[in-house]
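What follows is calculated from the coordinates using simple rules that are stated; it is not laboratory data. Remember, predicted model here, so these are calculated numbers, not experimental data. Note that each Cβ is placed from the backbone with ideal geometry, even for glycine, and that neighbours are counted across all protein chains shown.
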Amino acid sequence: MRILVTGRDGQVARAIAASSLASHELIFAGRPDFDLGDPASIEMTIARTDPDLVISAAAYTAVDKAEDDIACAELVNAEAPGVVARAATQAGAPVIHLSTDYVFDGRGERAWREDDPVAPIGVYGRTKAAGEEAVRRAAPDAHAIVRTAWVYSPWGTNFVKTMLRLAGNGHDVVRVVADQIGCPTSAHCIAGGLDAVVRHWQAEGPGRTSGTYHLAGTGHTSWAGFATAIFSASTAAGGPSAGVEPIPSSAYPTRAVRPANSRLDCAKFRSTFGYETAPWPKALQKVVDELLGTGG
Ligand SMILES: NC(=O)c1ccc[n+]([C@@H]2O[C@H](COP(=O)([O-])OP(=O)(O)OC[C@H]3O[C@@H](n4cnc5c(N)ncnc54)[C@H](OP(=O)(O)O)[C@@H]3O)[C@@H](O)[C@H]2O)c1
């Protein structure tokens, strides 16, 4: 199968390249030739590569910057996904489109389900929610919108790398927000889940399972709990560690407000595609080991 993956240098795309999906013919698209701000480059890339399936993993992911760069975030996150899905449909290819927990407002205690109403509280979440709608419209019977959360990996910029860098630079204590709860998700687990979708669609086609899904690490914690687990995993691997001082969000103001409860209920993904992510501390240890060069 020929699979076009957008967001070539992003965390999810890099994890796909390192996963069992690599048994397929993978084509990675990225800037400058493939630019979500330039619809012609999207159409040209899809027409030229003639994929059997498209994984749409490119996005404007700078949550704080998006608050002041609204036009660009809208173009990339809200409009471009529809262009991708339309061009994919013309090529006869179903689309797996990555989306986010930030489409929810974060109220309440329970994990969000796919049919809960979206109510984003920032530009990033609002533009991603609009992008979801664009994909549903352009490929009504041939899409999976896969919402994930709190992504980390050995690549790019993410919370795990930031914590290890701070500890490595000699910080004894880091102050971390304790009143935002979510599901830390290894990009490796996302790639595993996407592979399960591809296998399912290869067998049955996308028609019956076209829809919206949640795919995130199993279990949940706060950012402070995540930081504590990162330092435990690092200590276990002989790496740097630091203490964690839990603080409220009000003590760490950011340009974009984040949802307090970002937990995603992944039961629908599990029952549809037969894939469950690892418990988040276990998946974390694997990535920390990779980062510290002690894995495998
Ligand atoms: N990171 C998270 O915590 C998180 C949480 C929930 C959902 N998600 C979703 O998961 C997906 C993958 O996230 P990720 O963590 O892999 O993202 P990432 O590491 O930030 O990578 C994003 C990729 O998108 C590309 N991109 C940005 N603007 C582009 C444009 N105008 N044209 C073409 N490519 C562009 C970037 O290319 P450049 O290298 O050229 O900048 C980069 O390769 C996204 O849909 C994101 O919304 C992420």
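General remarks:
- Take every Cα pair under 8 Å whose residues are at least 6 apart in sequence, average their separation, divide by the length of region 1-151, and the relative contact order is 24 percent.
- Summarising the amide proton neighbourhood of Tyr213: residues at separation of 5 or more, or on other chains, whose placed amide H is nearer than 5 Å comprise Ile145, Val146, Arg147.
- Segment Arg31-Arg199, extension gain: residue separation times 0.36 nm, minus the distance between their alpha carbons: 57.6 nm
- For the pair Arg110 and Asn169, the difference between a 0.36 nm per residue extended length and the Cα-Cα distance amounts to 17.5 nm.
- For the chain, the longest site-free run once trypsin sites (Lys or Arg not before Pro) in DSSP loop states with at most 14 other Cβ atoms within 10 Å are removed: 114-254
- For region 144-191, the C-alpha radius of gyration divided by 2.2 N^0.38 Å, with N the number of residues, is 1.36.
- 3J(HN,Hα) along region 85-100: 5, 5, 5, 5, 4, 4, 8, x, 10, x, 10, 9, 10, 7, 9, 9 Hz, from the Karplus curve 6.51 cos²θ - 1.76 cosθ + 1.60 with θ = phi - 60°, whole Hz, x for Gly and Pro.
- Estimated vicinal HN-Hα couplings, Hz - region 66-80 in sequence order (Karplus 6.51, -1.76, 1.60; Gly, Pro = x): 4, 4, 10, 10, 4, 4, 5, 4, 5, 4, 6, 8, 9, 8, 4
- Cα-based radius of gyration of region 83-170 once divided by 2.2 N^0.38 Å, which approximates compact folds: 1.37
- Bins of 10 Å from zero: percent of alpha-carbon pairs in region 234-282: 16, 26, 32, 25, 1
- Computed E for Ser23/Thr162 - FRET, C-beta separation, R0 35 angstrom, nearest 0.05: 0.60
- Kirkwood Rh in Å, taken over region 168-273 so that all alpha-carbon pairs contribute: 16.3
- Calculated from backbone phi, Karplus (6.51, -1.76, 1.60) coupling profile of region 252-259 in Hz, x at Gly/Pro: 9, x, 10, 4, 9, 7, 9, x
- Region 164-296, relative contact order in percent, only Cα pairs under 8 angstrom and at least six apart counted: 42
- Candidate cross-link partners of Lys65 among the lysines, defined by an alpha-carbon separation under 24 Å and a same-chain spacing of 8 or more, comprise Lys128, Lys161.
- Values of log10 I(q)/I(0) for the chain across q = 0.09, 0.14, 0.17 Å⁻¹ run -0.42, -1.03, -1.47, by the Debye formula with one identical scatterer at each alpha carbon and no solvent.
- Interchain or long-range residues, amide H under 5 Å from Ile27's placed H: Ile3, Leu4, Val5
- Cα centroid of region 30-97 to Cα centroid of region 150-164, whole Å: 24
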